[in-house]
1. Among the residues of the stretch 47-56, is there at least one that is outside any helix (DSSP H, G or I) and modelled with pLDDT under 95?
2. Which condition number in (1) surrounded by 14 or more Cβ atoms within 10 Å (Cβ to Cβ); (2) part of a helix (DSSP H, G or I); (3) not basic (Lys, Arg) is the one that Val44 fails?
3. How many residues are under 11 Å from the mean Cα position of the chain (by Cα) and either among the basic types (Lys, Arg) or in a helix (DSSP H, G or I) (or both) if we restrict to the stretch 7-27?
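The values are calculated or read from the model by the stated rules, or taken from the named source; none is laboratory data. Since the model is a prediction, treat every value here as computed from it, not as a measurement. Neighbour counts run over all protein chains shown; Cβ positions are idealised from the backbone, glycine included.
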Amino acid sequence: MPQTIGNVVCSHLATLKELQTTYGVKDLYCLLEINDINAYNEAVLQTHLNKEKHHG
């Protein structure tokens with residue numbers, strides 16, 4: 001399975017069946033971008049929370 005498809009499926013943004021039947025390649029790359037943005041936002045949040053934790 002291509003890594004792009006695996007990333008989208010593992011992130012629960014789409015099922016394999018949806019990628020095979022409903023979504024196209026452009027949709028796949030949009031979902032990957034959404035996943036990247038979610039991961040970035042989570043990292044920023046964790047950094048902020050860690051700073052608060054250490055600085056009171």
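1. Yes: the stretch 47-56 contains one or more residues that are outside any helix (DSSP H, G or I) and modelled with pLDDT under 95.
2. Here Val44 meets the rest and fails (1).
3. Matching residues across the stretch 7-27 total 4.
Results for (1) surrounded by fewer than 10 Cβ atoms within 10 Å (Cβ to Cβ); (2) touching a Leu at 6+ places or on another chain (Cβ under 9 Å), shown as yes or no for each residue.
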{"site": "Leu16", "(1), (2)": "no, no"}
{"site": "Gln20", "(1), (2)": "no, no"}
{"site": "Tyr23", "(1), (2)": "no, yes"}
{"site": "Glu52", "(1), (2)": "yes, no"}
